[in-house]
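The values are calculated or read from the model by the stated rules, or taken from the named source; none is laboratory data. Given the structure is predicted, the values throughout are model-derived calculations rather than measurements. Methodologically, a virtual Cβ is constructed for each residue, glycine included, from the backbone with ideal geometry; neighbour enumeration extends over all protein chains shown.
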Amino acid sequence: MQAAPFGRTRTGEAVTAYTLAHGTLRVEILDYGGIVRRIEAPDRAGRVANVVLGAADLPGYEASDAHFGAIIGRYANRIAGGRFHLDGRDFQLPANEGRNTMHGGPEGFDRRVWRVAEAGADRLVLAYRSPDGEQGFPGNLDVTVTYRLEAEGTLAIDYAAVTDRPTPLNLTNHSYVNLAGEDAGDVLGHVVRIAADAVLATDAEQIPTGALAPVAGTPFDFRNPTALGARIRAAHPQLALAHGYDHTYVLGGDGTLRAVAWARDPTSGRCLTVATTQPGLQLYTANMLDGTVTGSGGGLYRAGDAVCFEAQGFPDAPNHLGFPNTVLRPDEAFRATTTYRFSVEP
């Protein structure tokens, strides 16, 4: 494991970059936001490239709302009106996407410097205490996120949390993947498969309506390998609302780790397999990147330059009794795992 200074935040906190290595895979992680800044993987010819998008420097991360590679919490995705009712009380969170709360609020977990609890050659454990009332959420919440490099080019991320008061909790990693390389342009040629028969239908604010929309016969059907760009411009109202794919796939399952998504870049031969214990997977085609962010490779990022596979609980679940539970209580321990396995096809 290598550790190197990565500057100081606006408030003067020191930030460090940690590089893990195992076999052909190298991963760089910041203690600021738990950001996965680089994932270096070989192509079919053995050429190594960074396959995740990121800012050029720490000020770039602080200035951006893209959440590049970061831990998202206390609640990933959207909460309608920034409001929820829990155990007889109403809670109001700060709005940061219109009237709604997005990715934990304007100062979510991606804006915090995490404590390094353990560091080794192929393992990094970050810890953070989110105090009672932070961004409007109840309870002191203690979170640990463990990054592990495993055999066969796999990055595993384990999430764990405990609380002293009931609180909504939804954690994920927001890495933007381009298997051709972070500066290679759009990913519309990436071939994707997702093991899901339905997505969550959303309203005009991209808040779930509560309905599960079957993917059969729609542009959201990735049950068979399909290029991301094959139907992204179809005249479908859900695609128009999101300016592309930005939808939660309903994975089902019993909470065990299982493969749920696959991606392949035909040009480089790089492949990605995503496995998770979580019930949902947000497919996002970086629709909000607008050419104003200078990336880690020096180029400007635009819409469609990456794809995100965000394994998580359902958005707005505290306001939908029929959704999988996302409330953590003091007598419980939250645990979840997501793995990203990088491989090469001939």
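So the values come out like this:
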read-out	value
Strands (runs of 3 or more DSSP E) fully within region 218-302 counting 1 or more residues that are in contact with a helix residue (DSSP H, G or I) (Cβ under 8 Å, 6 or more places away or on another chain)	246-250, 290-294
Matching option when the condition is touching a Leu at 6+ places or on another chain (Cβ under 7 Å) and under 23 Å from residue 170 (Cβ atoms), among 255, 280, 304, 295	280
Test result for residue 201, in contact with a helix residue (DSSP H, G or I) (Cβ under 8 Å, 6 or more places away or on another chain), modelled with pLDDT of 95 or more and not β-branched (Val, Ile, Thr)	yes
Which listed residue, of 77, 100, is under 17 Å from residue 174 (Cα atoms) and either basic (Lys, Arg) or crowded, with 18+ Cβ neighbours inside 10 Å (or both)	77
Subset of region 160-173 [surrounded by fewer than 23 Cβ atoms within 10 Å (Cβ to Cβ) and of a type outside the set (Gly, Ala, Ser)]	162, 164, 165, 166
Check on residue 254, loosely packed, with under 14 Cβ neighbours inside 10 Å and either within 20 Å of residue 276 (Cα to Cα) or hydroxyl-bearing (Ser, Thr, Tyr) (or both)	yes
Residues located in region 56-65, provided they are surrounded by fewer than 24 Cβ atoms within 10 Å (Cβ to Cβ) and either free of Cβ contacts under 8 Å to residues at least 12 places away in the same chain or within 18 Å of the chain's Cα centre (by Cα) (or both)	62, 63, 64, 65
Residue selected from region 22-53 under the condition on the phi < 0 side of the Ramachandran plot, in a loop (DSSP other than H, G, I, E, B) and under 18 Å from the mean Cα position of the chain (by Cα), by the criterion surrounded by the most Cβ atoms within 10 Å (Cβ to Cβ)	35
From the options 269, 252, 313, residue that is closer than 22 Å to residue 52 by Cβ and in contact (Cβ under 8 Å) with a residue 24 or more places away in the chain	269
Count - residues of region 200-217 that are among the small types (Gly, Ala, Ser) and not in a loop (DSSP other than H, G, I, E, B)	4
Among the residues listed as 19, 9, the single one being surrounded by fewer than 19 Cβ atoms within 10 Å (Cβ to Cβ), of a type outside the set (Phe, Trp, Tyr) and either under 20 Å from the mean Cα position of the chain (by Cα) or at pLDDT below 95 (or both)	19
Failed criterion for residue 135 (all others in (1) in contact with an Asp or Glu (Cβ under 8 Å, 6 or more places away or on another chain); (2) over 26 Å from residue 91 (Cα atoms); (3) not hydrophobic (A, V, I, L, M, F, W, C) hold)	(2)
Out of 335, 264, 329, sole residue that is of a type in the set (Lys, Arg) and either touching a Leu at 6+ places or on another chain (Cβ under 9 Å) or crowded, with 19+ Cβ neighbours inside 10 Å (or both)	264
Filtered residue count, region 148-175, keeping only those that are part of a strand (DSSP E or B) and of a type outside the set (Gly, Ala, Ser)	15
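For every residue, the table says whether it meets (1) touching a Leu at 6+ places or on another chain (Cβ under 7 Å); (2) buried (at least 17 other Cβ atoms within 10 Å of the Cβ); (3) at pLDDT below 95; (4) not aliphatic (A, V, I, L, M).
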position: 153; (1), (2), (3), (4): yes, yes, no, yes
position: 187; (1), (2), (3), (4): yes, yes, no, no
position: 205; (1), (2), (3), (4): no, no, no, yes
position: 215; (1), (2), (3), (4): no, yes, no, no
position: 218; (1), (2), (3), (4): no, no, no, yes
position: 235; (1), (2), (3), (4): no, no, no, no
position: 238; (1), (2), (3), (4): no, yes, no, yes
